[in-house]
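To keep things clear, I will list the structure first and then write my remarks on it.
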Amino acid sequence: MLLLLPMAFAAPPSFSDDYPCAFSIAATSPLPSDSIIYAQYAGAGGNNRSTAIVAREGSRATLYADSPAIQVALTYDDPATPSPDGIWEGVASCNGKQQAIPLHFVGDISGTLFYQNGSVASGVMVEIACSGAYARNATASEAGSFYFGGVHEGKCSISSKSGEEAAHLAVEVQRGDFKEVQLRLAKPDILPLLLAAGAGIALIAAVAYLIHTERKGKNGGIGRQKGGKAPPSQPPNVATKRQSDLLATLDAKEKKIMEYAQHHAPSSVRASKLRRDLLIPKTSLTRTLQSLERKQFLKLGKVGARTYVELHEFYRKAE
């Protein structure tokens with residue numbers, strides 16, 4: 001049984017002269033019981049209408065319309081998942097017969113793009129291609145972040161290229177997913193290319209490279225400081241002495257947030273995740289993040305309605 005619930009809470013219309021067209025909406029796989037599908041469409045005379053449709057049996061629902069051709073946008077959102085679960089948008093036409101509309105299951109992907117040296121790659125194009133002929137592109141923001149909403153369920157490939165550096169990442173999107181990914185640009189590895197060209201050439205090139213590297217090391221070249229001593233290494237995500245001095249000027253809550261951000265560096269972190277993990281009230285967190293941004297400890301960025309946090313360049317360069 002299919003039940004139509006108009007937003008005005010009027011009695012559901014029937015398939016009659018007032019509503020000459022019926023559009024059957026079917027998901028690609030079963031929906032949870034009593035799922036609600038939201039529909040927005042232009043009816044006769046161009047009047048915009050909104051309707052909530054409840055799927056009762058077989059994950060099917062029916063939209064009745066007073067026009068044989070409508071521009072319609074459908075959204076299915078399961079409260080148990082972090083993102084919208086299904087969408088469809090286009091022109092539907094019944095021509096006196098019931099027209100089937102497929103509801104595509106979707107998820108969202110948010111990510112950060114980095115260069116090989118670890119700095120964010122702002123202004124670089126990122127592309128996504130998924131099964132089912134879904135393809136989109138986006139430009140990384142100043143914070144290196146990018147976002148793809150309504151990505152079709154299935155296997156996807158995310159890629160980017162800047163100069164000689166390129167990146168590729170395979171992901172699988174499921175209904176209602178919200179995936180956070182990192183993409184790191186890098187120059188292609190030369191050794192596999194040499195091996196493909198021939199084992200003899202690869203061996204010669206490898207020996208020549210080792211001899212060259214050994215001579216450079218003896219002469220105090222790359223990787224050596226003056227006097228032949230190797231430079232001191234800094235463990236990843238550990239504050240330098242200068243950074244520790246800066247952190248000493250903060251209060252306990254600010255230090256707690258900075259330690260969390262430094263632990264996840266160089267990746268950006270969703271403010272909502274930071275709030276849940278550190279158990280900080282939303283209003284208090286907002287004020288504290290804004291204060292840390294003014295002090296150039298953190299940098300805030302937005303992707304849609306979501307706020308992301310990462311270490312400020314001033315703090316990262318403090319040594």
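When we screen Leu289, Leu203, Leu210, Leu193 for residues that are modelled with pLDDT of 85 or more and among the hydrophobic types (A, V, I, L, M, F, W, C), the only hit is Leu289. If only residues of segment 249-289 that are in contact with a strand residue (DSSP E or B) (Cβ under 9 Å, 6 or more places away or on another chain) and among the hydroxyl-bearing types (Ser, Thr, Tyr) are counted, the one that is nearest to Gln182 (Cα to Cα) is Ser267. Give the residue that is surrounded by the fewest Cβ atoms within 10 Å (Cβ to Cβ), with candidates limited to residues of segment 158-188 that are of a type in the set (Gly, Ala, Ser) and within 27 Å of Ala80 (Cα to Cα). Only one residue tops the list, namely Ala170. Please enumerate the residues belonging to segment 251-273 that are part of a helix (DSSP H, G or I) and out of contact with any Asp or Glu (no Cβ under 9 Å at 6 or more places or on another chain). Once the filter is applied, which keeps residues that are part of a helix (DSSP H, G or I) and out of contact with any Asp or Glu (no Cβ under 9 Å at 6 or more places or on another chain), segment 251-273 yields Ala252, Lys253, Glu254, Lys255, Lys256, Ile257, Met258, Glu259, Gln262, His263, Ala271, Ser272.
Taken together, Val120, Val91 contain a single residue that is of a type in the set (A, V, I, L, M), open to solvent by less than 60 Å² (accessible area, probe 1.4 Å) and either under 19 Å from Ala166 (Cα atoms) or touching a strand residue (DSSP E or B) at 6+ places or on another chain (Cβ under 6 Å) (or both), which is Val120. Just wondering, is there one or more residues in segment 274-293 that are of a type in the set (A, V, I, L, M, F, W, C), part of a helix (DSSP H, G or I) and open to solvent by 20 Å² or more (accessible area, probe 1.4 Å)? There is at least one residue in segment 274-293 that is of a type in the set (A, V, I, L, M, F, W, C), part of a helix (DSSP H, G or I) and open to solvent by 20 Å² or more (accessible area, probe 1.4 Å). Only a single criterion out of (1) outside any loop (DSSP other than H, G, I, E, B); (2) over 23 Å from Ser272 (Cβ atoms); (3) of a type outside the set (A, V, I, L, M) is not satisfied by Asn117, namely (1). Residue count for segment 133-150 satisfying the condition of being part of a strand (DSSP E or B), of a type in the set (Ser, Thr, Tyr) and touching a residue at least 40 places away in the same chain (Cβ under 8 Å): 2.
The values are calculated or read from the model by the stated rules, or taken from the named source; none is laboratory data. Just so it is clear, the model here is predicted, and its values are computed rather than measured. We place every Cβ from the backbone using ideal geometry, glycine too, and count neighbours over all the protein chains shown. These accessible areas exclude ligands, DNA and RNA; they are computed on the full protein's heavy atoms, side chains included. Shrake-Rupley method; radii C 1.70, N 1.55, O 1.52, S 1.80 Å.
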